[in-house]
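Worksheet: the structure to be examined is printed underneath.
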Amino acid sequence: MNPDFIKKMDSKIDQISSFPVINGYYLVIGGGKIGTRFVEHARKSRLPFVLVIDIDCEALVSGNVTVLKDRWHLVDVLDSLTASGKSDDCYVSCKGPSIHGCNIFFYCMDSKEIPYLLNHGMPEYIIPAVPTHAAVDIVEDLLNFQNERAFIRKVCIDEDDEDSMQLFKNIVSFFPDNIVAGKFPEHGTIFLSYARPGEICPGNCKGQEGYCYTFTRIKPITITSYVLELSGSEAGWVFESCQMAPGIGGIRGRDLRENLIAIMKHIRRIKGEPSIHGTGERSFFIATTCNCHGILNILQIV
């Protein structure tokens, strides 16, 4: 057992455990079309506080919100979020942090810096609006201790790697064929969906449980339920995407915090037991799901 690793991991777990969840705070990752649609929804719904980030300083959303010009202004706005300090279950101040009366902000930054934002409080919801698996990206970035060697990596399965390929096949075979929309072992990725090839869900879809009115199809079990059932037999964590608006989902900050802590405790246990060397024991999955769709990535502890 590596005492230095254990110390760092315990410190990181304590740090994440201390992140307060700030109700009324929505963090949008990506300022393109989906991010802009969420901002329109936020205005109509009078959401208390929205922060949109994008690596492109001229992202579509930037022309329609208050742009924070530098890190100092970002920190100032984040630190003014709560009325009740840093205890858990904080609420955005009833007046709301604002500049010129606006409470929807854009800041140009790489999504890899999300751990920096979380140090100032966990949003009530994180809205992924980028073409990547945001939950995996956040977990990877949080486990990279100050640019040191990461403790996990995405699995890119080679056909000659029998153990990894068998694990991938086992996970695929757990699901009914009709919901496996794509399987890409070279990326360790499985797509799940009740939509069939060529079908495109409308932008105003409410994604109800039980039945798809768009394609007149029974959905006996939600995709989230299927993957949660998988987590009973394979190490893995599910980030449920809750519908924020038609066609737009968000991950609860509380779920993100709890899953991060559980993943780190799992990694601490595995790396603390030198006898565990098998691919299966050192692998786990992260999935983001809703009632109708999901993406699952296999990762490995290194």
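The values are calculated or read from the model by the stated rules, or taken from the named source; none is laboratory data. The model shown is predicted, which means the values in this text are computed figures rather than measured ones. FYI the Cβ positions are ideal-geometry reconstructions off the backbone, even for glycines, and counts take in every protein chain you see. Protein only, heavy atoms only, side chains kept; ligands, DNA and RNA dropped before computing areas. Shrake-Rupley method; radii C 1.70, N 1.55, O 1.52, S 1.80 Å.
Here the peptides 211-219, 117-125 are ranked by packing, the mean other Cβ count within 10 Å, and the order with the highest first is 117-125, 211-219. Taking a ≥ b ≥ c as the square roots of the eigenvalues of the Cα gyration tensor, the chain is classed as oblate, since a/c reaches at least 1.5 and a/b does not exceed b/c. Think of a 1.4 Å ball rolled over the protein heavy atoms: region 182-255 then has 53 Å² of accessible area per residue. Amide H contacts under 5 Å for VAL52: VAL28, PHE105, PHE106, TYR107, restricted to partners 5 or more places along the chain or on a different chain, H placed in the peptide plane at 1.01 Å from N. Element breakdown for region 152-301 at a 1.4 angstrom probe: carbon and sulfur atoms account for 50% of the accessible area. Per residue, the chain reaches -9500 deg cm²/dmol at 222 nm when only DSSP H runs of four or more residues are counted, each adding -39500 (n - 2.57). Each DSSP beta bridge with both residues in the chain is either parallel or antiparallel, and the antiparallel ones are about 55%. Around the amide H of GLY249, modelled in the peptide plane, lie the amide H atoms of MET244, all under 5 Å away and 5 or more residues distant in sequence or on another chain.
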